[in-house]
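To start, the structure under review is shown below, and the notes come after it.
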Amino acid sequence: MEGFRVLHTNMHKGGWGGQPNRILTVARGLQKRGHFVIIAAPKGATLIKRAQEEGIPVFDDLRLPKKFNPVTYVKEVARLRRLIREHKINVVHTHGSQDTWAAAVAAWLVRPRPLVVRTRHNIFPVRNHLFNRFLYRQLIDGVMVVSEAVTEVFRQTGVLGDKVEEVVTVHSVVDARERFNPEKVSDEGLREELSIPLQAPVVVKVARLAREKGHVYFLEAAKGVLESVPDAYFLVLGEGPLRRFLEGYAKKLGIRGRVKFLGLRRDVPRVLRTSQVFLFTPIAGESLGTAALEALAMEVPVVAFNVGGIKASVRHGETGFLVEPEDVEGLVRHTVELLKNEDLRCRMGHTGRQWMLEAFSEDSLVEGNLEFYLRIADREIKRKVTKGGKCL
């Protein structure tokens, strides 16, 4: 195989987060190494826009509604099949439930059949029923996860059968050497822009405004922190369906004047540069926590709910603190401790950045994907030879 020709599929439309960030990082890295990459996503998706900005080919009209529609599904399978043929794709790499079914079936209809790789980004369990067993055991050639916590969920459900032993963990990463490098990022003028006093402590959260991200607990923690650190400010980066509710809840708590909802911003490193503590408060679905990785790379200690695979990045007492889910008092206690203890904050920030540079580099993510593709390709060639089939 001279080079991989990879189709990445993803159905996230608006906003930005760990999943599209990982896809873009892998695509960029593969392209730099001489492989062909194309990303398929819905029209108007942020991932499409950012891929185009980086010169990565895109298919910007993927149409797969969450509610299954057989007519739409058949049409999308046919379109994906044409896309695979047109670009001579030899690896179809899927990232969500909707696109996985359609892309896996489309790949199955192409000869020679491309490899199908599925990356599972969250810890919501895949139900163990006939159709999912067929999908994961027959149509998908390899499963990659972003943390060991996701593999454990697969073990519990049993949907993979014996193939669970072949699951590979490749952690998501951030660009700690360039984009998320505190030595290369300036927050000059940001506090003036946001009307925040120069010496005021800042606590930040970056996440889509959705129930599972736990913004309610962030706001309740903010109220508690302000009782001990009355000059603190709290920044919320991200958009989503709960924005109006959360703004109202902040007002109800009597802290609206100290909480700033900034929406989607392209200068996340700049905002982190001016912050002292990062709060990570999801209640479900988090497999690793890319936003926490970004904070650690910028030398900002993290106080987090101990959910999913967050322990892979936030090491309690070293790079931040872990508390039980929904433990607002714990969030408040550790946040206040960090805001009042500059030495502790700096020590944890430095340790966190070193951890990101050692264990979460972009090269490790890209090479991990390439090694996985090669391993699956080698296995499939051996399987065909063993069965007496023709190697294509």
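The values are calculated or read from the model by the stated rules, or taken from the named source; none is laboratory data. On a predicted model such as this, the values are computed, not experimentally measured, just so you know. With ideal geometry, Cβ positions are generated from the backbone for all residues, glycine too; neighbour counts draw on all protein chains shown.
Figure legend. Inter-residue proximity from the stretch 68-82: first residues surrounded by 14 or more Cβ atoms within 10 Å (Cβ to Cβ), second residues of a type in the set (Lys, Arg), beta-carbon distance below 7 Å, spacing 6+ or different chains. Indicated pairs: 72/63; 76/63. Restricting attention to the stretch 228-270, the residues that are assigned to a helix (DSSP H, G or I) and either more than 27 Å from residue 342 (Cβ to Cβ) or free of Cβ contacts under 8 Å to residues at least 60 places away in the same chain (or both) add up to 13.
Just to verify a result, which residue in the stretch 270-293, among those that are modelled with pLDDT of 95 or more and among the charged types (D, E, K, R), is nearest to residue 357 (Cα to Cα)? The extreme case among them is 273.
So which of 351, 335 is part of a helix (DSSP H, G or I), at pLDDT 95 or above and under 13 Å from residue 304 (Cα atoms)?
Step by step, each of 351, 335 is checked, and only 335 is part of a helix (DSSP H, G or I), at pLDDT 95 or above and under 13 Å from residue 304 (Cα atoms).
Residue-by-condition table, conditions (1) assigned by TED's automatic domain parsing to the domain that holds residue 236; (2) surrounded by 21 or more Cβ atoms within 10 Å (Cβ to Cβ); (3) in contact with a Pro (Cβ under 7 Å, 6 or more places away or on another chain):
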site	(1), (2), (3)
296	yes, yes, no
311	yes, no, no
332	yes, yes, no
338	yes, yes, yes
341	yes, no, no
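In the stretch 359-375 there is at least one residue matching the filter, namely being in a loop (DSSP other than H, G, I, E, B) and either farther than 24 Å from residue 225 by Cα or at pLDDT below 95 (or both). Going residue by residue through the stretch 233-246, is there one that turns out to be of a type in the set (A, V, I, L, M, F, W, C), under 30 Å from residue 328 (Cβ atoms) and surrounded by fewer than 17 Cβ atoms within 10 Å (Cβ to Cβ)? Looking for residues that are of a type in the set (A, V, I, L, M, F, W, C), under 30 Å from residue 328 (Cβ atoms) and surrounded by fewer than 17 Cβ atoms within 10 Å (Cβ to Cβ), one finds at least one in the stretch 233-246, hence yes.
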